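The values are calculated or read from the model by the stated rules, or taken from the named source; none is laboratory data. Every value quoted in this text rests on a predicted model; they were computed, and no experiment measured them. Note that each Cβ is placed from the backbone with ideal geometry, even for glycine, and that neighbours are counted across all protein chains shown. Please note that ligands, DNA and RNA were not included when accessible areas were found on the heavy atoms of the full protein model with its side chains. Shrake-Rupley method; radii C 1.70, N 1.55, O 1.52, S 1.80 Å.
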Amino acid sequence: MPVQPWFTDAKLGIFVHWGIYAVDGVQESWSFYDDIVPHDQYMSQLDRFTASRYDPREWAKLFTRAGARYAVLTSRHHDGVALWDTAHGDLNVGRDLIAGYADALREQGLKVGLYYSHSDWNHPDYASTRKPGRPPELEDNRYSEVAAEFEDLAAWERFIAYRDGQIRELTSRYKPDLMWFDGEWDRSEEQWRIPELAALIRSETPDVVFNARMLSEGDYATPEQGAPVVPPEGPWELCLTINDSWGHQHRDHNHKSVDQLIRYFTETIGGGGNLLLSVGPREDGTIPAEHAERLEGLGTWIARHAEAVYGTVRGLPAGHHHGPSTLSKDRRTLYLTLFDAPRAEIGVRGLLSSVRRVTVLGSGTELAHRVIGGLHEAPGVLWIQPPAAADLDPHATVLAVELDGELELYRGSGRF
């Protein structure tokens, strides 16, 4: 089945990594798994996690100002600590922090996403088996697996029952539009019972979207942190941190600039993907000012250039234009992004379609253009007059190239 249209139209989502790890500002789950933080010390954060200033309506308003159309909240990370009052398992924050989030997003017209880890490194029945084919010489991690001779398949069945119970709660209570899974590497698709899990979720939310970490049931690719040089075919999403950390780490001040985030965003949507930009709230539920400021800055740019963002599809392949581009759904308007102030005419190669008009998005200023060269089937180069300084956006300028018909491209090598 094709992915739900709202997903490919959304362009921007906000990834909210929030959990007990924000108390001490340590890495979520991995810090105890890799023995960086003692397990007891990590888990002591549960008693100090307050959510005392949590205001999901403020979150939702901020995400809307950022230009996002959906958000994804870590309902339960690999540490097994649930952000709702689950009746399954012993680890949760003692109250429901998800209902307010889901309600607030929907009040703003945003789609509701929930992250859930297949893995649970704190559950007593989780480390009861191991992934098939795992080489025996690899060291076991006590939180995730046991040696082959100690496998306990009855315990694994209990874990699956616990997992299914939590998933039923999430889907029946909050009716998520998107389920964002993680931790799939720890077991095989057969061990996870992926088709059965998908059927369980769809029984409550038939139109739910799954990321690729639902394996054979996934709807879209999920590259992480590294922006792909060659965009994936089909729908995809780049999940990216604002600094270097997913959750709140108060010592991490290596924040990406608004300029950098706009580059990531325009390159991602130009390749047909969505950007899922992560914020890490503090343990009290407040979003750090550095994150909020960058979301506001990105949102201001998107609002000025919304025509080139929403209602578009992936733009020109690499080599036609030096920068990202998007294309209107009717394929009659091409939007070219310029990161730097051009010092000469802007060239676009391989356009078979004739150009009616070129304007600067935002100001509406029309720019002169001409085609030079071309031989037989190979078209000439479209040269566009550079915008005046007054028409340049301080972050990235977008030109709207209106075509006489639908976009047609020449992808050949010319005459030999």
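Just a few scattered comments:
- With bins 5 Å wide beginning at 0, the percent of Cα pairs of region 262-414 falling in each bin runs 2, 9, 17, 21, 18, 13, 8, 5, 3, 2, 1, 0, 0, 0.
- Computed P(r) (all Cα pairs; region 4-68; 10 Å bins; percent): 18, 34, 26, 20, 2
- Kirkwood Rh in Å, taken over all unlike Cα pairs in region 207-288: 14.0
- Calculated [θ] (222 nm, deg cm²/dmol) that DSSP helices of n ≥ 4 give over the chain, each run adding -39,500 (n - 2.57): -7000 deg cm²/dmol
- The ellipsoid equivalent to the alpha-carbon distribution of region 45-182 has semi-axes of 33, 15, 14 angstrom, derived from the gyration tensor eigenvalues as √(5λ) and listed largest first.
- In the context of the full set of protein chains, residues of the chain present 43 Å² of accessible surface per residue (probe radius 1.4 Å, heavy atoms only).
- Neighbourhood charge, 9 Å Cβ-Cβ cut-off, centred on S119 and excluding it, Lys, Arg +1 and Asp, Glu -1: -3
- Each residue, D152 and D103, gets one label point 7 Å from its Cα in the Cβ direction; the gap between the two is 4.1 nm.
- Taking θ as phi - 60° and the Karplus parameters 6.51, -1.76 and 1.60, the scalar couplings of region 358-375 work out to 10, 10, 8, 5, x, 8, x, 4, 8, 10, 5, 8, 7, 10, 10, x, x, 8 Hz in sequence order, x denoting glycine and proline.
- With a 1.4 Å probe rolled over the protein heavy atoms of all chains, the accessible area of E345, E408, E149 falls in the order E149, E408, E345, largest first.
- When DSSP beta bridges are restricted to pairs lying wholly in region 1-125, around 10% turn out antiparallel.
- Measuring between their Cα centroids, region 203-235 and region 325-402 lie 32 Å from each other.
- Once the convex hull of all Cα atoms in region 251-329 is built, its volume per residue stands at 105 Å³.
- Estimated translational D of the chain in µm²/s (Stokes, Kirkwood radius over Cα pairs; 20 °C; 1.002 mPa s): 92
- Net charge in the neighbourhood of I194 (other residues with Cβ under 9 Å of its Cβ; Lys, Arg +1, Asp, Glu -1) is -4.
- Global form of region 181-318, assessed from the alpha-carbon gyration tensor, a/c cut-off 1.5: oblate
- According to the calculation over all Cα-Cα pairs in region 151-204, the P(r) per 5 Å bin from zero is 4, 17, 29, 27, 15, 6, 2, 0 %.
- Largest-first ellipsoid semi-axes for region 109-255, taking √(5λ) over the Cα gyration tensor eigenvalues, angstrom: 27, 22, 16
- Exceeding the 28 Å Cα-Cα cut-off - candidates K111/K131; K11/K256; K61/K256; K11/K175; K111/K329: K111/K131
- Highest average first, the peptides 114-122, 74-82 ordered by how many other beta carbon atoms sit within 10 Å of their residues are 74-82, 114-122.
- Radius 14 Å from Cβ of P56, net charge of other residues (Lys, Arg +1; Asp, Glu -1): -1
- Most mobile listed residue (R142, R168, R134) in the chain, GNM with C-alpha springs under 10 Å: R134
- Here the relative contact order of region 13-94, from alpha carbon pairs under 8 Å that lie six or more residues apart, stands at 37 percent.
- Choice from G13, G350, G226 with maximal GNM fluctuation in the chain (Cα, 10 Å cutoff): G226
- Portion, in percent, of the accessible area of the chain that falls on carbon or sulfur, probe 1.4 Å: 49
- Close amide-amide hydrogen proximity is noted between K256 and N243, each under 5 Å apart and 5 or more residues distant or on a separate chain (H modeled in the peptide plane; Pro and chain starts excluded).
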